[in-house]
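The values are calculated or read from the model by the stated rules, or taken from the named source; none is laboratory data. A quick note: this is a predicted structure, and the numbers were derived from the prediction, not measured. Please note: Cβ atoms are built from the backbone with ideal geometry, for glycine as well, and neighbour counts cover all protein chains shown. Surface accessibility is based on the protein's heavy atoms, side chains included, excluding ligands, DNA and RNA. Shrake-Rupley method; radii C 1.70, N 1.55, O 1.52, S 1.80 Å.
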Amino acid sequence: MALLDFSGKNALVIGGTSRVGLEIASLLAAEGASVTVTGRTYSGNLPFIQTDFEADFDVSFSDVEEKVRETDILVVCYGPFVRKSLDSTDSADWKKLALCDYALPGMLVSSALSGMVPRKWGRIVLFGGTRTESVRAYKSNAAYAGAKTGLSVIVKSVSSEYRSKGITCNAILPGFMNNPPEEKVFVDKKLVAKEVIHLIQNKELNGVLLNIDCGWAP
């Protein structure tokens, strides 16, 4: 099976200035893609768009929108996390999570598709939450998990509707990558980044909700 050559492809990694996002951006660049990253700060060599969606959503989205429309490969690995019981989750938490963890990926996907459809080619990878491939109960992060569960609808909708246009859309549902609680399993960010590349390279992989969590369940 021939794998995709990234040469000549424009890639945009939302949240690509640190941690797993930076790993993904580095691998895409190593494979020949022209990669742009977004985030609050960055000291590397890749083209960089400064964004802070939590501080000023509209300005940050406006700053990336034109670039998104030119993008062949879109990876969205940004999303604020809130750990609170439902009775402790306030209106500001709900607004932030709904906007940044669900609406933002959706808006980015819609903008990306507007450019990918005429070009008849595109790759989209979103980041969900741990085990958010189906509806389930969460004791301490229901608001966050609810927003991330909604991304599965976006993935399945894009993969079904746009597969004939040469576009694939998949999601990574990672386990804990940064200082997990003792009872949870640590997942290597380098492995997660490699799986993102694998999804992008293979056109047969479309609509995949890939759990990378060593089998842990909430």
**Report entry** Unmet requirement for SER114, which otherwise passes all of (1) in a loop (DSSP other than H, G, I, E, B); (2) among the small types (Gly, Ala, Ser); (3) over 21 Å from GLY39 (Cα atoms)
**Finding:** (1)
Query raised in the report: Can you name the residue in the stretch 173-210 that is surrounded by fewer than 19 Cβ atoms within 10 Å (Cβ to Cβ) and among the polar types (S, T, N, Q) and, of all such residues, is modelled with the lowest pLDDT?
Result: ASN179
Query - Residue list for the stretch 190-216, restricted to those being under 16 Å from the mean Cα position of the chain (by Cα) and among the acidic types (Asp, Glu) - result: GLU195
Query raised in the report: Does LEU191 count as part of a helix (DSSP H, G or I) and under 23 Å from VAL82 (Cα atoms)?
Result: no
Report summary line: Result of the Cβ filter at 8 Å on the stretch 59-80, keeping first residues that are within 13 Å of THR36 (Cα to Cα) and partners that are of a type in the set (Lys, Arg), at least 6 apart or interchain, is ASP72/LYS9; ASP72/ARG119; ASP72/ARG123; ILE73/LYS9; ILE73/ARG123; LEU74/ARG123
Requested in this report: Could you grab the pairs with beta carbons closer than 7 Å, sequence gap of 6+ or different chains, first residue in the stretch 109-122 and at positive phi, second one open to solvent by 60 Å² or more (accessible area, probe 1.4 Å)?
Outcome: LYS120/LYS165
Query raised in the report: Of everything in the stretch 100-111 that's touching a helix residue (DSSP H, G or I) at 6+ places or on another chain (Cβ under 7 Å) and more than 16 Å from GLY129 (Cβ to Cβ), which residue is most open to solvent (accessible area, probe 1.4 Å)?
Result: MET107
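Got a number for residues in the stretch 3-18 being closer than 8 Å to ALA33 by Cα and not in a strand (DSSP E or B)? Break it down stepwise before answering.
Taking the stretch 3-18 and keeping what is closer than 8 Å to ALA33 by Cα, we get 6-11.
Pick out the ones that are also not in a strand (DSSP E or B) and you get 6-9.
So the count comes out to 4.
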**Report entry** Pick from the stretch 112-123, criterion touching a Phe, Trp or Tyr at 6+ places or on another chain (Cβ under 9 Å) and closer than 21 Å to LEU28 by Cα, ranking: most open to solvent (accessible area, probe 1.4 Å)
**Finding:** LEU113
Report summary line: Sole miss for ARG163 among (1) open to solvent by 10 Å² or more (accessible area, probe 1.4 Å); (2) touching a Lys or Arg at 6+ places or on another chain (Cβ under 8 Å) is condition (2)
Report summary line: Those residues of the stretch 201-218 which are under 21 Å from MET177 (Cα atoms) and not in a strand (DSSP E or B) amount to VAL208, ASP213, CYS214, GLY215, TRP216, ALA217, PRO218
Query raised in the report: How many of the residues making up the stretch 124-153 are touching a Leu at 6+ places or on another chain (Cβ under 7 Å) and either open to solvent by 10 Å² or more (accessible area, probe 1.4 Å) or modelled with pLDDT of 95 or more (or both)?
Result: 13
Report task. Filter the stretch 11-21 for residues that are surrounded by 17 or more Cβ atoms within 10 Å (Cβ to Cβ) and touching a residue at least 60 places away in the same chain (Cβ under 8 Å) and give the result. Result -> ALA11, LEU12, VAL13, ILE14, GLY15, GLY16, VAL20
**Report entry** Flag for VAL82 being among the aliphatic types (A, V, I, L, M) and within 16 Å of the chain's Cα centre (by Cα)
**Finding:** no
